[in-house]
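All remarks here apply to the structure that follows.
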Amino acid sequence: MILDVHNLTMKFDNRTIFQDLDFQLQEGSMTALLGPNGAGKTTLIRILLGMLAPTAGSFQFDEHVKLGYVPQFRNIDPEYPLSIRSFIELNGPLFKSKQFKQEVDHELEEMNLTSIQHTRMGEASGGQKQRAYLAQALLDKPNMIVLDEATASLDPSAKEELMALIQHLNKKHGMTVLFVTHDVPLAKKYMKEYLYLDHGTVQAGKIADFQEVYS
Amino acid sequence: MLQYAFMRYAFYASTFIAITCGVVGVYVVARQFSFLAHTLSEIGFAGAAFAAFAGIPSLWGMILFTLLGSIGVGELTLHTDQKESSISAISALFIGLGVLFLSISNSNARYATSILFGSIIGVDLQDVYQLIILSLIVIVLLILVARQLNYDSFDHIGAASHHLKTGLVSLVFLIALAMSVSIGSQIVGSLLVFILLTLPASTARYLGKSIWSMIIWSVAFALIGVWAGLYLAYVTNWPVTFFISIIEVAIYLLAYGLHQLKRN
Ligand SMILES: Nc1ncnc2c1ncn2[C@@H]1O[C@H](COP(=O)(O)OP(=O)(O)O)[C@@H](O)[C@H]1O
Ligand SMILES: [Mg+2]
């Protein structure tokens with residue numbers, strides 16, 4: 001078991017977002033965190049990442065877990081000046097060692113960004129930006145990656161490309177994946193397990209068994 | 001022109017001012033603090049007026065006011081939805097105070113003009129040393145938090161998701177910004193110091209694709225502006241600030257035009 005969540009409850013002021021969530025994630029799993037907009041998916045992720053304190057309950061990661069995180073929103077406007085490479089390198093030391101540069105080269109290659117590494121982030125396509133966000137997170141050398149709505153604004157081919165890369169991370173590096181989305185068909189195609197968050201409760205199971213209960 | 005001591009002093013002082021404002025400006029623009037830099041200029045004016053009233057050197061009055069002002073404005077804009085109105089209100093308050101202090105301090109109109117519009121003849125050797133030391137303090141402050149400042153300024157969400165102490169970074173930067181405004185005002189004047197803190201860095205964004213290259217371009221454009229401005233002011237006897245503004249605006253418009261052309 002890589003994550004054990006126990007009786008997790010979150011309230012904003014007096015509004016309950018979710019109550020007494022109980023679920024586990026296994027090492028090497030590929031889990032879709034599904035649920036309609038506003039269900040509390042991002043809130044749950046932020047709690048698991050230690051950015052927000054839950055109202056009650058607890059959760060425990062395996063002690064060997066190293067988390068990588070791709071947040072839901074990023075403020076990159078069309079005039080944003082940094083190149084894809086410089087953007088990724090923000091998550092690194094001020095003075096870049098040869099070894100660090102090689103790590104960046106490696107992530108660029110793994111994310112199919114090598115040939116466009118000098119393109120400005122502001123001028124990159126949605127899919128390229130998402131891959132750059134993922135590459136930046138991969139510099140933390142995680143063994144578990146959390147992606148929040150990474151495909152939400154992408155066109156179909158960019159979605160497929162990103163999902164193939166995530167699948168690659170899981171297969172080749174054994175990385176545990178927690179993929180937040182409200183795109184059920186996409187989740188069914190690429191993920192193996194699901195967590196379904198709605199009305200303040202969570203259900204878990206194999207994605208093949210997931211019945212689409214919301215539209 | 002460098003055979004005159006006052007021109008040498010102005011030259012040294014403006015060199016350090018340009019370097020400091022050029023570097024700080026990259027972060028001012030990245031953090032979208034241009035409006036704040038503008039407000040701090042006005043707060044600096046009030047500080048210099050207060051200094052005249054209290055009989056202390058204008059630089060110290062400016063530093064005192066801009067430090068208080070930047071932390072106050074920084075806090076206020078973090079915790080209110082009405083960022084622009086609250087900054088306007090603070091501007092109005094400080095300009096009013098500046099006018100009051102000037103009038104009750106009985107200082108002459110020349111003093112007011114030199115605070116507002118800058119002057120190259122007022123700088124002596126001691127001022128030069130002060131400006132250099134203050135510039136170095138600003139640079140050291142930035143170096144101390146450079147990694148976090150880079151990440152937070154260019155990817156606030158990424159920095160926050162790595163649990164960086166973005167509040168602390170922001171505070172250190174506001175202190176550096178306040179000091180830069182005070183330093184820069186000594187030559188350029190408080191009315192136009194925001195030019196050095198925004199235009200070279202805005203131009204640099206069109207040319208650089210990494211933080212280092214933006215800093216180099218920004219400092220280069222700031223230096224070109226103050227050096228050429230000093231020379232032209234010396235030759236024509238027109239205000240140095242006029243030339244600096246014109247040069248920085250011209251460089252910016254040129255870079256902007258080229259950028260648009262390249263796009264289409
Ligand atoms: N910091 C906050 N303060 C108050 N309410 C919040 C906060 N963050 C999120 N919410 C509310 O919690 C609910 C769940 O939000 P979120 O976790 O972003 O949903 P999802 O990611 O599933 O779309 C929403 O109704 C949202 O308005
Ligand atoms: Mg969300």
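Quick notes on this structure:
- Think of it as helices only: each DSSP H run of n ≥ 4 in chain A is worth -39500 (n - 2.57), and spread over all residues that comes to -9000 deg cm²/dmol at 222 nm.
- Against the main long axis of the alpha-carbon atoms of chain A, helix A:126-138 sits at an angle near 80°.
- Ordering B:A204, A:P81, A:V202 by Cα displacement along the dipole of the protein assembly as shown toward the positive end leaves B:A204 in first place; charges were set at the Cβ atoms of Lys, Arg (+1) and Asp, Glu (-1).
- Taking the square roots of 5 times each eigenvalue of the Cα gyration tensor of the stretch B:1-155, largest first, gives ellipsoid semi-axes of 27, 23, 12 Å.
- Restriction of the GluC sites (Glu not before Pro) in the stretch A:1-99 to DSSP coil positions whose beta-carbon has at most 12 other beta-carbons within 10 angstrom yields A:E63, A:E79.
- For the stretch B:39-120, alpha-carbon Rg relative to the globular expectation (2.2 N^0.38 Å, N residues): 1.12
- Spherically averaged projected area of the stretch A:146-189 from its Cα convex hull (nm²): 2.9
- Counted over all Cα-Cα pairs of chain B, pairs farther apart than 33 Å make up 17 percent.
- For B:S185, net neighbour charge (Lys/Arg +1, Asp/Glu -1) across residues whose Cβ lies under 13 Å away: -2
- The equivalent ellipsoid of chain A has semi-axes of 30, 19, 17 Å, largest first, where each one is the square root of 5 times an eigenvalue of the Cα gyration tensor.
- Mean ellipticity per residue at 222 nm, deg cm²/dmol - from DSSP H runs of n ≥ 4 across chain B, formula -39500 (n - 2.57): -28500 deg cm²/dmol
- Column: log10 I(q)/I(0), Debye, Cα scatterers of the stretch A:75-140, q = 0.19, 0.24, 0.28 Å⁻¹: -0.63, -1.00, -1.30
- Pairwise Cα inverse-distance average, inverted: Kirkwood Rh of the protein assembly as shown (Å): 24.9
Computed from the coordinates by the stated procedures, all read-outs in this text should not be read as laboratory data. As the structure is a prediction and not an experimental result, all values here were calculated from the model. A quick note on method: Cβ atoms are made from the backbone with ideal geometry, for glycine too, and the neighbour counts reach across all protein chains shown.
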